[in-house]
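A short write-up of the structure that comes next.
The numbers here are math on the coordinates, done by the rules we state, and not lab data. Nothing here was measured: the structure is a model prediction, and the numbers come from that model. Here the Cβ is made from the backbone with ideal geometry for all residues, glycine too, and neighbour counts use every protein chain on show.
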Amino acid sequence: MSIYNYKKVLTGAALCCSMFAASSAMAADKVYKLKLAETWGPNTPILGETTKKMAALADTMSNGRLKITIDSANKHKAPFGVFDMVRAGQYDIGHSASYYWKGKVPNTLYFTTMPFGMTAPEQYGWFYYGEGQALMNEVYGKFGMLSFPGGNTGVQMGGWFQKEINSLEDVKGLKIRIPGFAGEIWAKLGAKPVNIAPGDLYTSLERKTVDAVEWVGPSLDIRLGFHKIAPYYYTGWHEPASELQFMVNKKKFEKLPEDLQTILTTAMRTAAYDMYIQSYHESGVNWDTMKKEFPNIKVKSFPAEVISAMREANDALLKEAAAKDPLTKRIQESQAAYMAKARAWTDISDKAYLNSLSK
């Protein structure tokens, strides 16, 4: 090859590299805009803060290349329509709770929390290092979506009741707002569970549309004022690790450059864990306030016969659901196996430590 031809090749290669670099720079400068719909109303404490933190993290980590706008329930008018809106591509991301979709897709409820199930650290272990994330994407993948942990409240309280529960007889005909598998358990015991959007909870309890309301715990309950109209505050059994979710339209996710996919998943994971820490903090602070300012609140635990009946109903319902669907059975078995291992450690670590303090 002559020096002249060699120089032509080098010049051509340099031109190609220059064009590729310019193209890459243009791609790196491109701004990707995503829309997020959340089940919560505007400025909802903790839950709504989580989406804002996630969007801010994504913006910062991407150097402004990934912009996420948030529409709250007051704007899209469909707090329980987030699943369908993300599936249809009307929104790119949703922030809600997986068990809200059990009427559409029963297997979704396992990815929020389960009665008598794992604690938050145990469940995070299952999601991130066990089979949880893979199983969740198997369920949501059939609908063109991905789902990721979206923030944990920790152990939730059993609810605010206008009348004391002293026996199984008191449960019969009880109208209670409670979603998920726990609602099915209450129904087995003779109660009448309903699901009500967060923004309508206080009004429903005040007008006696329901006799009891289960929401979250001190982290959020004090702001809604349930203690003013329902003095009995029952401890939890039904949601030991209530994990919210970020649903993402799969086609939209796959159109993002690889680095922005990583940035988005990292922002979601960070915001989710931060919500768990914030929820724990707020519950501690708010419970201290509630004890001092509202001494008439009566903290109760459900009677042993009621808890026993709930456990029996839970076992029967799980068995019934597993018999209908192989994937349901796999999810249940995965959760049970992981919890058995994790709980053995919890028992000789956290539980043993707390027990030692009471001796």
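Going 7 Å from the Cα of Ser308 in the Cα-to-Cβ direction, what parts of region 177-193 have a backbone nitrogen less than 17 Å from that spot?
189
What is region 225-359 by shape, rounded, prolate or oblate, if you read a ≥ b ≥ c off the alpha carbon gyration tensor as root eigenvalues and call it rounded for a/c under 1.5, prolate for a/b larger than b/c, and oblate otherwise?
Working: a/c = 1.80, a/b = 1.29, b/c = 1.40.
In terms of gyration-tensor shape, oblate.
Pull up all non-local amide H partners of Thr113: gap of 5 or more, or a different chain, and H-to-H distance under 5 Å with H placed in the peptide plane.
For Thr113, the qualifying residues are Glu243.
Suppose each label sits 7 Å from its Cα in the direction of the beta carbon; what would the Arg223-Lys175 distance come out to in nanometres?
The answer from the label model is 2.7 nm.
Quick check: the angle from helix 120-129's long axis to the longest principal axis of the chain, C-alpha only, nearest 10 degrees?
30
With each pseudo-label sitting 7 Å past Cα toward Cβ, what's the Asp315-Phe116 distance in nm, one decimal?
So the two model labels end up 0.6 nm from each other.
By how many nm would the segment from Ala88 to Glu164 lengthen if fully extended, with 0.36 nm per residue of separation less the alpha-carbon distance?
Length difference between fully extended and current span is 22.9 nm.
What list do you get for Glu243, Glu138 if you sort them by fewest beta carbons within 10 Å?
Ranking Glu243, Glu138 by Cβ neighbours within 10 Å, fewest first, gives Glu138, Glu243.
I'd like the Karplus ³J(HN,Hα) series for region 348-359: coefficients 6.51, -1.76, 1.60, θ = phi - 60°, whole numbers in Hz, and an x wherever there's a Gly or Pro.
Using θ = phi - 60°, the values come out as 9, 10, 4, 5, 5, 4, 5, 5, 5, 6, 8, 7 Hz.
With mean projected area of the Cα convex hull in nm² as the read-out, I listed [x] 23.6; [y] 18.8; [z] 67.1; which label goes with the value calculated from this structure?
Entry [x].
If you take the beta carbon distance between Lys208 and Lys33 as r and set R0 to 56 Å, what does 1/(1 + (r/R0)^6) give as a FRET efficiency, to the nearest 0.05?
After rounding to 0.05, the efficiency reads 0.80.
What length, rounded to one decimal in nm, is gained on full extension from Asn195 through to Glu293, with 0.36 nm per residue of separation minus their alpha-carbon distance?
Numbers: separation 98, 0.36 × 98 = 35.28 nm, distance 2.99 nm.
Between Asn195 and Glu293, full extension yields 32.3 nm more.
Over 16 Å apart: what share of the alpha carbon pairs of region 39-148 falls there, rounded to a whole percent?
I get 66 percent for the Cα pairs in region 39-148 exceeding 16 Å.
Amide H of Lys300 versus every other amide H placed in the peptide plane: which residues, excluding those fewer than 5 positions away on the same chain, fall under 5 Å?
Tyr233, Tyr234, Thr235
Using each residue's phi in region 49-58, evaluate 6.51 cos²θ - 1.76 cosθ + 1.60 at θ = phi - 60° and report the 3J(HN,Hα) Karplus result to the nearest Hz, with x for Gly and Pro.
My calculation for region 49-58 gives 5, 5, 5, 5, 5, 4, 4, 5, 4, 4 Hz in order.
Once both axes come from the Cα atoms, what is the angle between helix 132-141 and the longest principal axis of the chain, in degrees from 0 to 90, rounded to 10?
For 132-141 against the chain, the angle is about 80 degrees.
Highest mean first, what order results for 114-123, 73-82, 213-222 on Cβ atoms within 10 Å? Could the numbers behind the result be given before it?
Details: 114-123: 21.1, 73-82: 17.3, 213-222: 23.0.
So the peptides 114-123, 73-82, 213-222, ranked by packing, come out 213-222, 114-123, 73-82.
Karplus couplings for region 269-282 from phi (6.51 cos²θ - 1.76 cosθ + 1.60, θ = phi - 60°), rounded to Hz, Gly and Pro as x?
With the stated coefficients, region 269-282 comes to 5, 5, 5, 5, 5, 4, 5, 4, 5, 5, 4, 4, 4, 5 Hz.
Using only the alpha-carbon atoms, how far is helix 326-346 inclined from the longest principal axis of the chain? Give it as 0 to 90 degrees, nearest 10.
80
Enumerate the amide H contacts of Val194 below 5 Å, restricted to partners 5 or more residues apart or on another chain; note that Pro and chain-start residues carry no placed amide H.
Amide H to amide H, under 5 Å and 5 or more residues apart or across chains, Val194 pairs with Ile176, Arg177, Ile178.
Please state, as a whole number in µm²/s, the translational diffusion coefficient that the Stokes-Einstein equation yields for region 284-359 at 4 °C and 1.567 mPa s, with Rh defined as the Kirkwood radius across alpha carbon pairs. Could the numbers behind the result be given before it?
On the way: Rh = 16.3 Å.
Diffusion coefficient, whole number: 79 µm²/s.
Does anything in region 117-149 have its amide N under 17 Å from the 7 Å Cα→Cβ label point of Glu254, and if so which residues?
What the label zone holds, given the 17 Å backbone N cut-off, is 137-147.
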